[in-house]
Every structure is written in structure tokens, then in C-alpha cells.
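Inspection log for the structure reproduced underneath, given as C-alpha cells.
The values are calculated or read from the model by the stated rules, or taken from the named source; none is laboratory data. Quantities reported herein were computed from a predicted structural model and do not represent experimental measurements. Here the Cβ positions follow ideal geometry from the backbone for every residue, glycine too, while neighbour counts run over all protein chains shown. We work out accessible area using only protein heavy atoms, side chains counted, and drop any ligands, DNA or RNA first. Shrake-Rupley method; radii C 1.70, N 1.55, O 1.52, S 1.80 Å.
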Amino acid sequence: MAQINNNYLKLQAGYLFPEISRRVNEFTQANPEASIIRLGIGDVTRPLVPAVLKAFHEGVEDMADGGTFHGYGPEQGYDWLSQVIIDKAYKPLGVDLKTSEVFISDGSKCDSANILDIFDLSNKVAIGDPVYPVYNDTNVMVGRSGQMNDEGYYDGLVYMPCTEENGFNPDFPSEKVDIVYLCFPNNPTGTVATKEQLKAWVDYAIANDVVLLFDAAYEAFITESDIPHSIYEIEGAKQCAIEFRSFSKTAGFTGVRCGLTVVPEELMGTTDKGEKYSFNKLWNRRQCTKFNGVSYPVQKAAAAVYSDEGWAQVKDIIDGYMDNAKIIREGLSAAGIECFGGINAPYIWLKTPEGMTSWDFFDKLLNECFVVGTPGSGFGPSGEGYFRLSAFGDPKNVETAVQRIKEKWGK
Ligand code: MLT
């Protein structure tokens, strides 16, 4: 009989969001009348904008005509999409990239997981705590983590606490590592890093031969002009960083699926003979073998996000989500609940009232206010006592949810 990958047995029982769905389904079955408001998983609620939808339809129509039909596309994505991303999303930041450095994919969750294929298992990895669970769990799955200890940490991984004391910006790892995951704007805390803070990370990475895996999935939600949108705004970052971006939250593609990963040609690793080797070549090789590219209509739709019309429409929706974030943050703060994030990110990270544990607050919020959020401890031990609310809801629902929370816990 075939052996299973035993590393999977080292994982906590279920992935966080399916576990939340399970509890919510159980509750709705028992309470079918309850008007549930979902501010848990960061899933968008507004439909695709007209300019994107038009391009999507055109892409589908092209597939119906022998003259414009597209079969397999380039595994790296069509150059016309990579080029528009470079021109519209990177050049305005002063970042110059080549299309060969941009890899279009079906989302940054998959890429931030799959990227481990091009790194040796012997690399030491540091992640934040709390953290987007994918970084932790995929390292467990590949066998890098060892067992989980009683405190909820894996022996083989290095954790960087993100706490109120350090402004949710982690200090450098406490020991020598080879790879550091960073996520700014941060999921789950909704906080951001300044240019100076990112420069310190780039300097640290170059000085210590570290690769930064920089998740910028939420960069479109930055509202303050001095906050960097890309790690490559920092000089030297192309030598030490891979960046992930996503159309999911930016343009409502959670169900459409499109993202991208930038692997600069300057970024080098070491072979077992001690020679330098390009991570860009490895990622290209990996994608060509394991991935057949994103569908043509989806890439047409993604390119339309960056048309003048498309961007104006998308930006309007982003602004609406950020209005929600303001309502949550200001409403709960006024009620005496301590809140973080929500200014440059669609997540509000709040301190649970009355010192409740994160899961106790989850259950109370669900049972008594019919509001779903995400328990902070689900993102790591340092998230205990915190709770995440997402700003992707319908504005009326968001206001109702805030009202219900204020009535229950407001001071
Ligand atoms: C979240 O709620 O943290 C995100 O929706 C998860 C994801 O993007 O995979």
C-alpha cells in the first residue's frame, strides 16, 4: 500500500476558513431565521466591473471563432498582460521590470505555496506570528517544520512575533534563516510597513543572504501616499526578493482566479556545488512543467483592469471597501474596542472585549450578533485575544454588524 505524506498529519485539524464555514453552517442549520453577516474570509462581494466584464466576454467570443481561438497559451502568461502590468502597476512606482520576470498565475495563494518547489528543504524559514496560514502550512506539508509543540509552534520554523509592542512589524528573525515571508499590507493585522522599514528588511536580506517572499496581495488598498506598494521600490530588492500580487481583492477575481509573481533575473540562489543559480530560471522551469497558464479570457479580463476605464471602476469599488473599513474601525473604536489596521488594508484587527479568547469571541459574535469574523488565534499563537473583521461586506451589512457589536460590547 502506498505511504501517505506523513507531514500532512502534523497539520492542525483543518484549514482555518473551512473550519469557520463548518461552524457557521452548523449554526445556520440550527437557526435558519438568523440574518448572518459574513465578515470572516476576505472574499469580495461586489461584482466584476463593466470594463472587465466586457473584455472577459470578448475573450470568450474569441474562443468561439476559428480565427481568434486560443489553445495552450504561454505558461508564463501572455506578454501583453505582463507588459500592461509593468507599465501600469510598476512603472509609476519607479520600478522597471522585464516581461520575463513577471509570471501570470491563477492566484497568489497558489504561488506563495508553490514557490517552495524551487527552494531546498534544508533552507531555514521565518514567518510572522500571526500569519496568513498558507505560509505556515505549506512548509509543514513539504516536511520542513518538524512537529508542533504545546504552544502551537513548529520546531523547525522560526516565528517572528507581530505584536502591539512592535506595531505588528516583526523584528528580524532571532537566528540565521534563509527565507523570510513578509506580507504588507498585512493579512491578518491590516498594518503596513514604511519605506524605512522595508529598506531595513532589504538591507538585512542582502547582508544575510536571505530571500524575501513578499506578499503584496493587498497593495491596492493602500490609501497613504508614502507607503510602498512594492518591495522593488526599495533599492537592492531585486537581488533578494520575490513578490506576489493578486487580482482577487483588487478587482474582484476571487472566483475568476488571476495573480502574478515577480521573480527578478538578478535574484540568485546557490547550488549544492556552491555555484550561483537564477531563481527566475527555476520558477520558469517549474511553471512550464506543472502549470499550463491562465485561460485566455481571464487574462483578457485582467488586462482590462488596467485600462483607464477599468481602473477608474475598480478604484471606485476599492474606495467603497475602504469606506467599510473606516466604518468598522471608527465605530468599534468609539465603542471602546481597540482596533488596528483598516487604514491601508481591508482588514481590521481588534482586541477581543473582556479579554475573551479569539474562539470564544467568535462563538459569542456568531450566536448573539449573527456576525462572522475570523479568530486571531487561527493565524498563530500571537493572534490569541485578537479578532479579524474583513471590510469586503455590503456597506449596509457592515453598518448593521458594527451596530450589533456596539450594542453588545460598547462602553
Ligand atoms: C483571507 O481571508 O485571509 C483571504 O481571503 C484568504 C486568501 O486570500 O486566500
Report summary line: Among the residues of the range 216-239, the number that are more than 24 Å from Val49 (Cβ to Cβ) and in contact with a Phe, Trp or Tyr (Cβ under 9 Å, 6 or more places away or on another chain) is 7
Query - Unmet criterion (only one of (1) touching a strand residue (DSSP E or B) at 6+ places or on another chain (Cβ under 7 Å); (2) under 25 Å from Val134 (Cα atoms)) for Asn7 - result: (1)
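Listed here are the residues, each with its yes/no results for (1) out of contact with any helix residue (DSSP H, G or I) (no Cβ under 7 Å at 6 or more places or on another chain); (2) of a type in the set (Gly, Ala, Ser); (3) modelled with pLDDT under 95.
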residue	(1), (2), (3)
Gly274	yes, yes, no
Leu282	no, no, no
Tyr296	no, no, no
Val314	no, no, no
Phe362	yes, no, no
Gly385	no, yes, no
**Report entry** The lone exception for Gly385 - which of (1) over 25 Å from Thr163 (Cβ atoms); (2) away from the ligand (no atom under 16 Å from the Cβ) it fails
**Finding:** (1)
Query - The listed residue being within 16 Å of the ligand (Cβ to nearest atom), open to solvent by 10 Å² or more (accessible area, probe 1.4 Å) and either under 14 Å from the mean Cα position of the chain (by Cα) or modelled with pLDDT of 95 or more (or both), out of Tyr232, Tyr218, Tyr204 - result: Tyr218
Query raised in the report: Would you pick out the residues in the range 8-28 that are in a helix (DSSP H, G or I), open to solvent by 40 Å² or more (accessible area, probe 1.4 Å) and under 15 Å from Thr138 (Cα atoms)?
Result: Tyr8, Leu9, Lys10
Report task. Go through (1) part of a loop (DSSP other than H, G, I, E, B); (2) within 26 Å of Ala312 (Cα to Cα); (3) over 22 Å from the mean Cα position of the chain (by Cα) one by one and return the number of the condition Pro74 breaks. Result -> (2)
Query raised in the report: Going by the structure shown, is Ala64 away from the ligand (no atom under 16 Å from the Cβ), of a type in the set (Gly, Ala, Ser), open to solvent by 40 Å² or more (accessible area, probe 1.4 Å) and not in a helix (DSSP H, G or I)?
Result: yes
Query - Residue ID - most open to solvent (accessible area, probe 1.4 Å), chosen from residues in the range 124-163 that are among the charged types (D, E, K, R) and either outside the structural domain of Cys110 (by TED's automatic domain parsing) or more than 21 Å from the chain's Cα centre (by Cα) (or both) - result: Asp150
Query raised in the report: So is Phe362 more than 20 Å from the chain's Cα centre (by Cα), outside the structural domain of Met160 (by TED's automatic domain parsing), over 15 Å from Tyr218 (Cβ atoms) and surrounded by 24 or more Cβ atoms within 10 Å (Cβ to Cβ) or not?
Result: yes
Report summary line: Asp209 meets each of (1) surrounded by 20 or more Cβ atoms within 10 Å (Cβ to Cβ); (2) closer than 22 Å to Asp117 by Cα with one exception, condition (1)
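Every residue, every condition in (1) away from the ligand (no atom under 16 Å from the Cβ); (2) not in a loop (DSSP other than H, G, I, E, B), yes or no:
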position	(1), (2)
Ser145	yes, no
Gly156	yes, no
Tyr159	yes, yes
Asn169	yes, no
Asn186	no, no
Thr189	no, no
Ala200	yes, yes
Report task. Report, by residue number, each residue of the range 67-107 that is of a type in the set (A, V, I, L, M, F, W, C), surrounded by fewer than 17 Cβ atoms within 10 Å (Cβ to Cβ) and touching a Ser or Thr at 6+ places or on another chain (Cβ under 6 Å). Result -> Leu93
Query raised in the report: Can you spot a residue in the range 29-39 that is more than 16 Å from the ligand (Cβ to nearest atom), in a helix (DSSP H, G or I) and open to solvent by 60 Å² or more (accessible area, probe 1.4 Å)?
Result: yes
Query raised in the report: Which residues, taken from the range 316-335, are over 13 Å from Pro47 (Cα atoms) and either open to solvent by 70 Å² or more (accessible area, probe 1.4 Å) or basic (Lys, Arg) (or both)?
Result: Asp323, Lys326, Arg329, Glu330, Ala334
